[in-house]
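The values are calculated or read from the model by the stated rules, or taken from the named source; none is laboratory data. In this text, all values refer to a predicted model and were calculated from it rather than measured experimentally. All Cβ positions, even for glycine, are placed from backbone atoms using ideal geometry, and neighbour counts span all protein chains on display. Remember, those area values only see protein heavy atoms, side chains included, never the ligands or the DNA or RNA. Shrake-Rupley method; radii C 1.70, N 1.55, O 1.52, S 1.80 Å.
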Amino acid sequence: MKAAVIQSNYIPWRGYFDIMHDADVFVFYDDVQYTVNDWRNRNRVKTANGVVWLTIPVGDQNNRRVCDVDIHDRTWARKHWMTIEQSYSRAPAFVRYADFFRSIYSRPWTSLSVLNQTTIRAIAADLLGIRTQILDSRDFELQGKGSERLLALLQQLGATDYVSGPAAKNYLDAELYAQSGVRVHWKDYNHYPEYPQLHGDYIPNLSIVDLLMNCGERAADYLWGYRDTHGSVAAQRHQVDGREP
């Protein structure tokens, strides 16, 4: 059984959903330390004036868990939706997805984790057709720290394989995992094909919003469909740099 475990991010990029698709079980790992200026509360979209950050204001305190981060500001959602609407109103799939995202930004969110998890679950299942089982690490009894805590979670899941972004190579002891019966697979983000975009030259590594608005129901072709030699993406030769989830 193949598992993936990642903290929830705000409207993540396509690599995040690609890992979800790879796994049999995906676990949100939000009972760990929150990091400021990371992907938990912000992401990037492409506008007529270039790439802009959409950031949820949640303060700059690091001494809290992701699941404990509250949202007190009530103005960010309207601003984010206005930016998306103005930037993608002429995109091929805007009409298809406008109501979905408008409903996300019309809700009075008070928890960053709840916002992120709810949005990711909906995008994965309803827009990308991902059928991976999704769980929450808070539902498990976990002890220890770092790699040992994560390994305990994987063992409780009954996982035989673990899919991880390459950034974890800096701290994850893959040999310890192998000795414990869990094979580690490092995700390669380096070969995603370019896709059609509005507003000038192609820019990689944007929020999934950009891919969805521009490609609609063909978005999955640019996530994992291109790996199939019989897939519908012809321009597989175009490669872009990856980034961590």
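Output the residues belonging to region 88-147 that are closer than 22 Å to A23 by Cβ and basic (K, R).
Passing the criteria: R121, R131, R138.
Would it be correct to say that Y162 is among the hydroxyl-bearing types (S, T, Y) and part of a helix (DSSP H, G or I)?
No; evaluated as a whole, the condition is false for this residue.
Which of the residues spanning region 46-64 are of a type in the set (A, V, I, L, M, F, W, C) and surrounded by 22 or more Cβ atoms within 10 Å (Cβ to Cβ)?
Looking only at region 46-64, we keep the residues that are of a type in the set (A, V, I, L, M, F, W, C), and these are 48, 51-54, 56, 58.
Hits for region 46-64: nothing passes.
Take region 107-159 and flag every residue that is among the hydroxyl-bearing types (S, T, Y), over 15 Å from the mean Cα position of the chain (by Cα) and over 30 Å from L176 (Cα atoms).
T110, S111 - these are the residues of region 107-159 that are among the hydroxyl-bearing types (S, T, Y), over 15 Å from the mean Cα position of the chain (by Cα) and over 30 Å from L176 (Cα atoms).
Within region 73-91, identify whether any single residue is modelled with pLDDT of 95 or more, under 18 Å from Q117 (Cβ atoms) and in a strand (DSSP E or B), and answer yes or no.
No - not one qualifying residue is present in region 73-91.
Under 9 Å between Cβ atoms, which residue pairs at least 6 apart in sequence (or on different chains) link something in region 201-225 that is touching a residue at least 60 places away in the same chain (Cβ under 8 Å) and on the phi > 0 side of the Ramachandran plot with a partner that is part of a loop (DSSP other than H, G, I, E, B) and surrounded by 17 or more Cβ atoms within 10 Å (Cβ to Cβ)?
Pairs that qualify, where the first residue is touching a residue at least 60 places away in the same chain (Cβ under 8 Å) and on the phi > 0 side of the Ramachandran plot and the partner is part of a loop (DSSP other than H, G, I, E, B) and surrounded by 17 or more Cβ atoms within 10 Å (Cβ to Cβ), are N205/Y189; N205/Y192; N205/G242; G216/A91; G216/A93.
Could you count how many residues in region 24-40 are assigned to a loop (DSSP other than H, G, I, E, B) and open to solvent by less than 10 Å² (accessible area, probe 1.4 Å)?
2
Condition first: aliphatic (A, V, I, L, M) and within 28 Å of A3 (Cα to Cα). Can you find one or more residues in region 99-107 that meet it? Outline the logic, then answer.
Initial filter on region 99-107 (aliphatic (A, V, I, L, M)): 104.
Narrowing the set further to residues that are within 28 Å of A3 (Cα to Cα) leaves 104.
Checked against the condition, which is being aliphatic (A, V, I, L, M) and within 28 Å of A3 (Cα to Cα), region 99-107 yields at least one hit.
Of all residues in region 10-23, how many are part of a loop (DSSP other than H, G, I, E, B) and surrounded by 22 or more Cβ atoms within 10 Å (Cβ to Cβ)?
Looking only at that region, the number is 3.
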